[in-house]
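The values are calculated or read from the model by the stated rules, or taken from the named source; none is laboratory data. None of these values were measured; they are calculated from a predicted model. So basically every Cβ, Gly included, is an ideal-geometry build from the backbone, and we count neighbours across all protein chains shown.
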């Protein structure tokens, strides 16, 4: 994950200064970056209790880790005075510096993660973003001023992991793997993702980093459940994810043809592979 933080920061900024480099930072995603949006909903996908947050100031916050998430670190490197707040707790003027809409168990598809209870799908996160934009219009005075303001902000979007982990590769709960081949499913996801990202663009997003899906087939959960020896990555899962990521790269190229768009693909899949091969390069 350290590589992801460094790459995003260097790509988007070119350098790091103490003052904020952009007026606001908006975050969309799942448990990798959720910082509390699931705290007050009926869900098993919550992390507002120990041992989560044992190294975070103030203890558990809803982050699915012991301390900072990648987007917390990115916000620091961008020069923000504080971490970007979750939309669930954001108030008025806080919207001016951006909010985090991410929700654990969320997916591109609305049904993804439903076995875990409540969650805010990407469609739901976009609805919350639209609400935030309306509030920004009231704060800034008019739509043109708001559009100009948002065009200077950075957006990161990391969706798709749960559409595989908590949908396609959970055949006892979901029928998607019986309805679609891996190639077909990747295309179905990309078609919906394209429409969703167009909504984001239509509501002012111009500088957008799209984070590809990592090697879920190498995750501890899949190694325990599906690996033949407990150590070899599950190739059928990783192969399916690569189909999605390849289509996402092509989608980025399409969006960059839109007026003022600056979309980029973040290759989390290969970054994760590099960490697995050379773990000592990234600390203990």
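Observations
- Look at the range 259-270: where a residue is at positive phi and a partner is at pLDDT 95 or above and crowded, with 16+ Cβ neighbours inside 10 Å, sitting 6+ places away or on another chain with Cβ atoms under 8 Å, you get 260/206.
- Residue among 57, 51 that alone is out of contact with any strand residue (DSSP E or B) (no Cβ under 9 Å at 6 or more places or on another chain) and either closer than 17 Å to residue 117 by Cα or at pLDDT 95 or above (or both): 51
- Residues of the range 114-124 include none that is modelled with pLDDT under 95, out of contact with any helix residue (DSSP H, G or I) (no Cβ under 7 Å at 6 or more places or on another chain) and either closer than 30 Å to residue 189 by Cα or crowded, with 18+ Cβ neighbours inside 10 Å (or both).
- Qualifying residue in the range 99-107 (condition: surrounded by 24 or more Cβ atoms within 10 Å (Cβ to Cβ) and either modelled with pLDDT under 95 or over 30 Å from residue 221 (Cβ atoms) (or both)): no
- Across the range 167-181, the number of residues qualifying as surrounded by fewer than 19 Cβ atoms within 10 Å (Cβ to Cβ), within 24 Å of the chain's Cα centre (by Cα) and assigned to a helix (DSSP H, G or I) comes to 1.
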